[in-house]
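A short worksheet on the structure shown next.
The values are calculated or read from the model by the stated rules, or taken from the named source; none is laboratory data. Source: prediction; values computed, not measured. Please note: Cβ atoms are built from the backbone with ideal geometry, for glycine as well, and neighbour counts cover all protein chains shown.
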Amino acid sequence: MHLSFWWGRAPEVTPPACGESWERRMFGSRTGGVGRRIALAGGAATALVVSATLAVSAQAATAGCRVDYAVTNQWSGGFGASVAVTNLGDPINGWRVEWNFTAGQTVTQLWNGDFSQSGSHVSVNNASYNGSLPTNGSASFGFNGSWTGSNPAPASFTLNGVACTGAPVTGSPTASPSSSPSSSPSSSPSSSPTASPSASPSSSPSASPVPTGTPTVPPSSYPNPGAVSGATGTHDPSIVKTPSGTYIVAQTGNNIPLTTSTDRTAFRAAGTVFPNGASWTTAYTGGSSNLWAPDISYHNGRYYLYYSASTFGSNHSAIFLATSTTGASGSWTNQGLVIESATSDNFNAIDPNLIVDDSGRWWLNFGSFWSGIKQVALDPSTGKRSDTTIRSIAGRNGGAIEAPFMFKHGSYYYLWVSFDLCCQGASSTYRIMVGRSTSPNGPFVDRNGTAMTSSGGTQVLAGHGSIHGPGHEAVMSDTDAEVLVYHYYANSGASYLGINLLGYDSAGWPFVY
């Protein structure tokens, strides 16, 4: 669910999927062919307000704001959300965002701010490093919460006591300007701006170091994910780097939520691929707007997004293609159906991944449970199928395997997959496996030479410590290293974005660091 608060308009509420079996607790996996991602609750939305500590530097105080509220993931009894506040009025130093939940939800954990809750009323104050908001400046925070019965979005917000209508409004130039301008502007630039930049850069590089060369010796134990902040609640993430250097993450959720980052560390909500919905998918989703496992990539000046539509416990599924010249929310054009599966088929048409091989040929890998991972050839001019052949490239004889991702490194095509069970919160057993071949069509084998069509796979990352069920991986080549992106579960059961760098040992097998 992603909601933009502008003029107090309340979108239609979609109730959350309740009573799901453990196979789909979050967005998630299936056993023996049971379906995978849980529907996000849609939600009503309205305005944001700015509360009592508004500080302005103009003679006539101008207020106004916009807020983007997004439920980034949801599971039985819990959810993650992100809130981005944009100040449309005069600069302020020190903010407080307030709202009321309408269905008994509670905030259990919050980052990039300090919160308190009394009954249904929630109040969030800025952290020490993000309290200064210039005109058109933004701040964001995220939280985990609990819910029972339903999880509608808040109907209204406040920011320092001023209603966010999505436009600037002129307030009364009486008491507030006479006191605020003399203190707020002088203290804000001297403390808040200097503290925030110094803290963020000093911590981010230590979490995602820039290596002088690709390591060849794996660490003795699995590393924790690198530090990320902001809108980091996610499921089934896929990442692309734009020509300008911005990172775009597409993920499972209502109408396919997007987040962006300029440094691969701080992420913000960036709308959805289909803000007006995707009506062409409802024959496969049973009317739900929850779309699964998008795969985003950039080729020849255009962004390609392959994504899945299905329902729980069924392989009546489909993979569609959308394209965009910018990758931004609302810019995507539906290009139609790529492949579908029926209940009479032995495969499941979800979890797509595009690979362009060294010869310029396009291949789509996909599949989940049933008979495993499949591959079809695509026509590069259309992004659609070029023939009717369906190849089998990995399987576990009916065991849990899904989320294929193919990536070329050196002389090999590496086929990444996820084994075992997703979507059980901290009880998830998802783990990331890999095999390789000199051909994008296989045969793929693991380190021991076992074929991936015969349950082979070399483990690269599994649960450890407070990191549970890492999986649904994607790999990207960046300027500093190859990057592994995935989701994992915290002890709370919430699902988060995981990012690690990849090294290769002397035999050419990848490891995380």
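Tabulated data
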item: Some residue of the range 258-267 being of a type in the set (D, E, K, R) and on the phi > 0 side of the Ramachandran plot; result: yes
item: Residues that are touching a Phe, Trp or Tyr at 6+ places or on another chain (Cβ under 7 Å), over 18 Å from Val71 (Cβ atoms) and buried (at least 22 other Cβ atoms within 10 Å of the Cβ), drawn from the range 234-263; result: Ile239, Ser261
item: Unmet criterion (only one of (1) at pLDDT below 95; (2) assigned to a strand (DSSP E or B)) for Ser288; result: (2)
item: Options Met452, Met476; residue that is at pLDDT 95 or above and in contact with a Phe, Trp or Tyr (Cβ under 7 Å, 6 or more places away or on another chain); result: Met452
item: Selection from the range 359-393 of residues that are in a strand (DSSP E or B), of a type in the set (A, V, I, L, M, F, W, C) and out of contact with any Leu (no Cβ under 6 Å at 6 or more places or on another chain); result: Trp363, Phe366, Ile373, Ala377, Ile393
item: Output for the range 296-321, where each listed residue is farther than 21 Å from Val249 by Cα and part of a strand (DSSP E or B); result: Ser317, Ala318
item: Selection from the range 322-335 of residues that are touching a Lys or Arg at 6+ places or on another chain (Cβ under 8 Å) and either assigned to a loop (DSSP other than H, G, I, E, B) or not assigned by TED's automatic domain parsing to the domain that holds Ala270 (or both); result: Thr325
item: Some residue of the range 476-487 being surrounded by 21 or more Cβ atoms within 10 Å (Cβ to Cβ), among the small types (Gly, Ala, Ser) and more than 16 Å from Pro223 (Cβ to Cβ); result: no
item: Qualifying positions in the range 387-410 - over 17 Å from Met476 (Cβ atoms), in contact with a strand residue (DSSP E or B) (Cβ under 9 Å, 6 or more places away or on another chain) and in contact (Cβ under 8 Å) with a residue 24 or more places away in the chain; result: Ile390, Arg391, Ser392, Ile393, Ala394, Gly395, Arg396, Gly399, Ala400, Ile401, Glu402
item: Enumeration of residues in the range 66-85 that are among the aromatic types (Phe, Trp, Tyr) and more than 11 Å from Ser146 (Cβ to Cβ); result: Tyr69
item: Residue within the range 372-395 that is closer than 20 Å to Pro257 by Cβ, charged (D, E, K, R) and out of contact with any helix residue (DSSP H, G or I) (no Cβ under 7 Å at 6 or more places or on another chain) present; result: no
